[in-house]
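Undergrad: Before I ask anything, let me first share the structure, which is written out below as structure tokens.
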Amino acid sequence: MTNKLSESNDRINNLVNISGKRINLSNQIMIAVLDATRHEKNIILEKNPGKKEFYKNRISDAISAIDSKTTQLDEISDSRGKIIISEFKNTWNNYKIDLDE
């Protein structure tokens, strides 16, 4: 009986840890997407070439973070989550083309 309770407790802890990681990664992705869009706006509005370059570098950092975090999230997601991540990746890849321009 004690072993079964211990196993159940371990499963619950694992579920909570994975769920927490998913939530954390999702939030980090959302923040990085918001950063990328903000820096895109700043490039459009900025007249100073030096500052434009700064914002381009910030976009590059955000893109790297999003790609990395999305891969990490995909690795710990269930089948439903993988479908959502796949849809996000398609949308994100299309948006990255716009960012490159």
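Undergrad: Send over a whole-number figure in Å² for the accessible area per residue of the chain, probe 1.4 Å.
TA: 74
Undergrad: Normalised by the number of residues in the chain, what is the relative contact order in percent for Cα pairs under 8 Å and 6+ residues apart?
TA: 28
Undergrad: Within straight cross-link reach of K82, meaning Cα distance under 12 Å, which aspartates and glutamates are found once same-chain residues fewer than 8 apart are removed?
TA: Output for K82: D74.
Undergrad: Hey, what's the Kirkwood Rh for the chain if you take every pair of different alpha carbons, in angstrom?
TA: Details: mean 1/r = 0.0640 Å⁻¹.
15.6 Å is the Kirkwood radius here.
Undergrad: I would also like to ask the following. Need one number: convex hull volume per residue for the range 33-88, Cα atoms only, in Å³.
TA: That works out to 61 Å³ per residue.
Undergrad: I've got another one for you. Mind checking the angle between helix 49-75 and the chain's longest principal axis? C-alpha axes, 0 to 90 degrees, to the nearest 10.
TA: Compared with the principal axis, the helix lies near 20 degrees.
Undergrad: About its Cα centre, what dipole magnitude does the range 38-98 give when the only charges are +1 on Lys and Arg Cβ and -1 on Asp and Glu Cβ, stated in debye to the nearest 20? The partial results should precede the final answer.
TA: Numbers: 12 positive and 10 negative charges, 67 e Å.
In debye, rounded to 20, the range 38-98 gives about 320.
Undergrad: Percent of accessible area on the chain owned by carbon and sulfur, 1.4 Å probe? Please list the in-between numbers first.
TA: On the way: 3990 of 7440 Å².
In the chain, the share of accessible area belonging to carbon and sulfur is 54 percent.
Undergrad: Now, a different point. Nearest 10 degrees is fine. How inclined is helix 79-100 to the longest principal axis of the chain, computing both from alpha carbons?
TA: It is inclined by approximately 10 degrees.
Undergrad: Quick one: helix 2-45 against the long Cα principal axis of the chain, what's the angle to the nearest 10°, folded into 0 to 90?
TA: With rounding to tens, the tilt is 10 degrees.
Undergrad: So which lysines can K41 reach, going by Cα to Cα under 21 Å and dropping same-chain residues fewer than 8 places off?
TA: Here the lysines satisfying the reach criterion relative to K41 are K51, K52, K56, K96.
The values are calculated or read from the model by the stated rules, or taken from the named source; none is laboratory data. Bear in mind the structure is a predicted one, so any value in this text is a computation, not a measurement. Because the Cβ atoms are built from the backbone with ideal geometry, glycine has one as well, and the counts that use them run over all protein chains shown. What goes into the accessible areas is simple: the full protein's heavy atoms, side chains included, and nothing from ligands, DNA or RNA. Shrake-Rupley method; radii C 1.70, N 1.55, O 1.52, S 1.80 Å.
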